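Trainee: Below are the structure tokens for one structure; questions will follow.
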Amino acid sequence: MNLSGLLHVAAGLGLAPLLPGLINKIKAAVAGRQGPPVLQLYYDLAKLARKGAVYSATTSWLFRAGPVVGLAAVAACLFLVPLGGHPATLGFAGDFILAIYLLGLARFFLVAAAMDTGSSFEGMGASREVFFSALAEPALLLSLAALAHATDATSLSVMLPRVTTALWLRAAPALVLLLVALFLVLLAENARIPVDDPNTHLELTMIHEVMALDHSGPDFALVLYAAALKLWLFAALVANLLPAHAGLGTLTGLLTIFFVAALVGVVESAMARLRLSRVPQLLLGAAALTLVSFLLLANG
């Protein structure tokens with residue numbers, strides 16, 4: 001373990017709820033509104049933590065375990081992702097595979113908890129979540145495999161700090177494709193526009209939010225907090241690829257994460273949600289970009 005890695009973990013746990021607030025603030029500013037405060041998610045989490053949880057008689061232990069296991073799995077990923085050119089708290093060969101599995105475990109328990117309610121409505125959202133994630137995961141795995149090939153390493157603690165200015169000068173086209181693909185995966189995995197609208201209340205278009213409808217009180221707080229941490233993780237992955245981020249320290253890394261979140265807000269302000277039939281095309285396009293990037297890096 002190292003101090004810089006622990007600092008990233010602490011920063012992620014403490015600052016992750018700022019990202020949704022920043023995104024909403026930017027969207028409100030673009031629309032000419034004041035919008036909710038940046039700290040709104042902190043207020044919501046504190047309010048939900050003081051409430052009681054309501055459980056349906058049809059649910060089992062799986063429904064209660066979903067938010068807990070989901071948050072634990074996402075939080076564990078924080079220990080594997082480096083920031084600011086420094087190694088992560090935990091790093092070993094092939095740790096990016098573990099990170100993908102942990103994110104998959106969090107999704108599995110969230111989907112299982114939704115299915116445990118016996119609601120066909122939540123089952124619809126769960127099926128969409130699984131289908132779209134099955135299309136997003138190949139793009140994520142291919143992008144990390146391409147980085148592993150480009151940096152001659154299989155640990156995130158080695159791979160991401162090696163994305164330096166020199167590597168950008170040598171393989172800029174391939175890295176640009178990786179950046180775009182990872183950003184698309186970020187939007188899909190975090191239920192952001194154009195894949196999903198986190199603020200929608202239209203039942204027929206909801207994906208991620210519909211799976212949390214039966215959660216209440218502290219359980220719903222865990223779901224919201226886990227979603228913020230997941231957004232932080234993907235923003236950190238994208239930030240580690242930016243050329244201005246390489247080797248400039250933890251503080252610059254944190255600022256770059258907020259820059260990525262601000263970019264999400266700009267994208268959501270500039271475009272509408274895609275039709276559900278168009279989302280697979282978007283995710284397959286992201287996978288194609290990573291494949292082309294991998295081939296460019298392999299032949300470079």
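The values are calculated or read from the model by the stated rules, or taken from the named source; none is laboratory data. Predicted model only: the values in this text are computed from it and were never measured. Cβ placement follows ideal geometry from the backbone for every residue including glycine, while neighbour counts extend to all protein chains displayed. These area figures cover heavy atoms from the full protein model, side chains too; ligands, DNA and RNA do not enter into them. Shrake-Rupley method; radii C 1.70, N 1.55, O 1.52, S 1.80 Å.
Trainee: Helix 18-30 versus the longest principal axis of the chain: what angle, 0 to 90°, nearest 10, using Cα atoms?
Mentor: Between the helix axis and the principal axis of the chain, the angle is about 90 degrees.
Trainee: The list (i) 122; (ii) 132; (iii) 152 gives values of volume of the Cα convex hull per residue in Å³, and only one came from this structure; which label was calculated from it?
Mentor: The value computed from this structure is option (i).
Trainee: OK, next. Can you give me the Cα centroid spacing of region 155-204 and region 18-89 in angstrom?
Mentor: Each part reduced to its Cα centre gives a spacing of 20 Å.
Trainee: Could you work out how far helix 95-116 tilts from the main Cα principal axis of the chain, as a 0 to 90 degree angle to the nearest 10?
Mentor: Once rounded, one gets 10 degrees.
Trainee: Could you order Arg170, Arg162 so the one with the most accessible surface comes first? Probe is 1.4 Å.
Mentor: Arg170, Arg162
Trainee: A further question on this structure: Once neighbouring chains are kept in place and the probe is 1.4 Å, which whole percent of the accessible area of the chain is contributed by carbon and sulfur?
Mentor: On the chain, the fraction of accessible area on carbon and sulfur atoms equals 71 percent.
Trainee: Turning to a different aspect of this structure: At 1.4 Å probe size, put Asp44, Asp95 in order of accessible surface, largest to smallest.
Mentor: Heavy-atom accessible area, descending, gives Asp44, Asp95.
Trainee: Going by alpha carbons, how many degrees (0 to 90, nearest 10) lie between the helix axis of 250-270 and the longest principal axis of the chain?
Mentor: Value to nearest ten degrees: 60.
Trainee: What lysines does Lys51 reach when the alpha-carbon gap must be under 26 Å and sequence neighbours fewer than 8 apart in one chain are set aside?
Mentor: Cross-link targets: Lys230.
Trainee: List the aspartates and glutamates whose alpha-carbon lies under 14 Å from that of Lys47, not counting same-chain residues fewer than 8 positions away?
Mentor: The qualifying aspartates and glutamates are Asp219.
Trainee: If you don't mind, another one. Would you kindly find the accessible area of Ser56, with a 1.4 Å probe and non-protein molecules such as ligands, DNA and RNA excluded, rounding to the nearest 10 Å²?
Mentor: Counting only protein heavy atoms, Ser56 exposes about 60 Å² to solvent.
Trainee: Among the aspartates and glutamates, which fall within straight-line cross-link reach of Lys25, defined as a Cα-Cα distance under 19 Å, with same-chain neighbours fewer than 8 residues apart omitted?
Mentor: Reachable aspartates and glutamates: Asp44, Asp196, Asp197, Glu268.
Trainee: Specify the residue with the greatest mean-square fluctuation among His215, His149, His86, computed from a Gaussian network of the chain linking alpha-carbon atoms under 10 Å apart.
Mentor: Checking each option, the largest mean-square fluctuation is seen for His149.
Trainee: How do Arg275, Arg128 stack up against each other in accessible area, from largest to smallest, with a 1.4 angstrom probe?
Mentor: My answer, sorted largest first, is Arg275, Arg128.
Trainee: Over the heavy atoms of Trp232, what accessible area does a 1.4 Å probe trace out, to the nearest 10 Å²?
Mentor: 0
Trainee: Can you tell which of Leu71, Thr89, Gly14 lies farthest toward the positive end of the dipole of the chain, using +1 and -1 charges on the Cβ of basic and acidic side chains (Lys, Arg; Asp, Glu)?
Mentor: Highest projection toward the positive end goes to Gly14.
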